Every structure is written in structure tokens, then in C-alpha cells.
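Undergrad: Let me begin by handing over the structure; questions about it come next.
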Amino acid sequence: MSKLTQKFDITAKYLHWISALVILWASISGLYIAFFELETHIKSQILIFNVSITTVFIPLFCWRIYHRIKQGTPQAHPAMSTLEVKLAHVGHTLLYVLVSLVLVSGVLMMGHDVTVFQLFTIPQLLQQQSSIHFFETMHLYTCRLLAVFVVCHLAALIKHEMMGRRILKRMI
């Protein structure tokens, strides 16, 4: 198998799919809570779970960034044009940046201590309400932007698969 069509290593694959599951769950459940009327208890339980799962995800995502830097940028599919390669690089970089901003703003917007799966508690990091509000606003907009980039990521995947470029095969 040539270097251009090699699959990702097992660590990259696991970190990618864990990231995908957490990001999709948090995004879809967050949008559901925002746009649909829910019983207060159910809404509260979803929010508590989302805070716990994304808090546990933070070190995994840091590991993913470290692994990606250590491994370098993956080789592009040989059939991709120079423009497609550049767009893919920019898109993936922006996904990493946006996920990082969503996670950081999510932690900093908490106006209370956070209990993670009832195992441990992280104290509230910011006390000033204006700072908390800033990060709430940042979180709202970065989540929306991340959702747009995830849709673009999935659309690009579908486009490449339909063109016979087996991009997904490298990540499975």
C-alpha cells in the first residue's frame, strides 16, 4: 500500500470516532434542548450528562491534538486536487480550533461547580458574571459554527465517496 493511501493508525481511528460520537451527541442533544420544549427534569439530566461527557472528553481531545501533531498531517488522497487538499487542511484545522474553543468556553461559562458523573467535582473557575456571560456567548456561537463545519466535513466525505475516492476507508 502506498503512503498516499495508507490507513490512519489505530490510535487516530479511535480518537476520531470517540470525538465524532461525543461531538455529534452534544451537538444534537444541545440543539434538541434549545428548540424543543422538554420537561425540566429531562432537560436537566441531558445537560448534566453533556457536561460530564464533554468534561471527560477534554483530555482525550488533547491527546488527539498531540497525536495529530506527532504523526503530522496525513497524506491526501492521490486523486485530490491542490485546492481540495488545501481546503481539507484548512477545514480540519478549523474543526480542531472550533472543538477546542467549544470545550474551553464550555468549562469557563459554568456559573457553578461541575460534578462529573457523580465521581468528582470541578470547582467553578470564574466568579465574575460578565466573564461567565462572555464565555456563554462564545460557547453559543462556536457551537453553531462547529455544527456548520461538521456538516461541511460530512458533505465533503459524501462527495469524495460518491466520486470513488474511498476516503472513509482510511479511517475505518
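The values are calculated or read from the model by the stated rules, or taken from the named source; none is laboratory data. Remember, predicted model here, so these are calculated numbers, not experimental data. Note: ideal-geometry Cβ built from the backbone for every residue, glycine included; neighbour counts use all protein chains shown. Protein only, heavy atoms only, side chains kept; ligands, DNA and RNA dropped before computing areas. Shrake-Rupley method; radii C 1.70, N 1.55, O 1.52, S 1.80 Å.
Undergrad: Restricting the search to the stretch 18-38, which residues are without any contact (Cβ under 8 Å) to a residue 24 or more places away in the chain and part of a helix (DSSP H, G or I)?
TA: Keep residues of the stretch 18-38 that are without any contact (Cβ under 8 Å) to a residue 24 or more places away in the chain, which gives 20-21, 28-29, 32-38.
Listed by number, the residues that qualify are 20, 21, 28, 29, 32, 33, 34, 35.
Undergrad: Continuing with the same structure: Checking the structure you have, find out if any residue of the stretch 6-16 is open to solvent by 80 Å² or more (accessible area, probe 1.4 Å), in a loop (DSSP other than H, G, I, E, B) and within 21 Å of residue 172 (Cβ to Cβ). If you could, list the steps in order and put the result at the bottom.
TA: Of the residues in the stretch 6-16, the ones open to solvent by 80 Å² or more (accessible area, probe 1.4 Å) are 6-7, 10, 14.
Okay, now just the ones that are also in a loop (DSSP other than H, G, I, E, B), so 6-7.
Add one more test, that the residue is within 21 Å of residue 172 (Cβ to Cβ), and what stays is 6-7.
Yes: one or more hits.
Undergrad: Same structure again: Under the condition of being among the hydroxyl-bearing types (Ser, Thr, Tyr) and modelled with pLDDT of 95 or more, which residue from the stretch 12-43 is nearest to the chain's Cα centre (by Cα)? Show your work before the answer.
TA: Just the residues of the stretch 12-43 that are among the hydroxyl-bearing types (Ser, Thr, Tyr), to begin with: 14, 19, 27, 29, 32, 40.
Narrowing further to those that are modelled with pLDDT of 95 or more: 14, 19.
Numbers: 14: 14, 19: 6 Å.
Filtering the stretch 12-43 for residues that are among the hydroxyl-bearing types (Ser, Thr, Tyr) and modelled with pLDDT of 95 or more, the one nearest to the chain's Cα centre (by Cα) comes out as 19.
Undergrad: Does residue 90 fit the bill of being within 24 Å of residue 139 (Cα to Cα) and under 14 Å from the mean Cα position of the chain (by Cα)?
TA: Numbers: within 24 Å of residue 139 (Cα to Cα): yes; under 14 Å from the mean Cα position of the chain (by Cα): no.
No: the conditions fail for residue 90.
Undergrad: State which residue pairs qualify: first residue under 18 Å from residue 50 (Cα atoms) and inside the stretch 110-139, second residue part of a helix (DSSP H, G or I) and hydroxyl-bearing (Ser, Thr, Tyr) in any location, beta carbons under 6 Å apart, and separation of 6 or more residues or different chains.
TA: 116/52; 116/55; 117/52; 135/105; 138/105; 139/105
Undergrad: Further, regarding this structure: Residue 78 fails exactly one of the following numbered conditions: (1) open to solvent by less than 60 Å² (accessible area, probe 1.4 Å); (2) in contact (Cβ under 8 Å) with a residue 40 or more places away in the chain. What is the number of that condition?
TA: Of the numbered conditions (1) open to solvent by less than 60 Å² (accessible area, probe 1.4 Å); (2) in contact (Cβ under 8 Å) with a residue 40 or more places away in the chain, the odd one out for residue 78 is (1).
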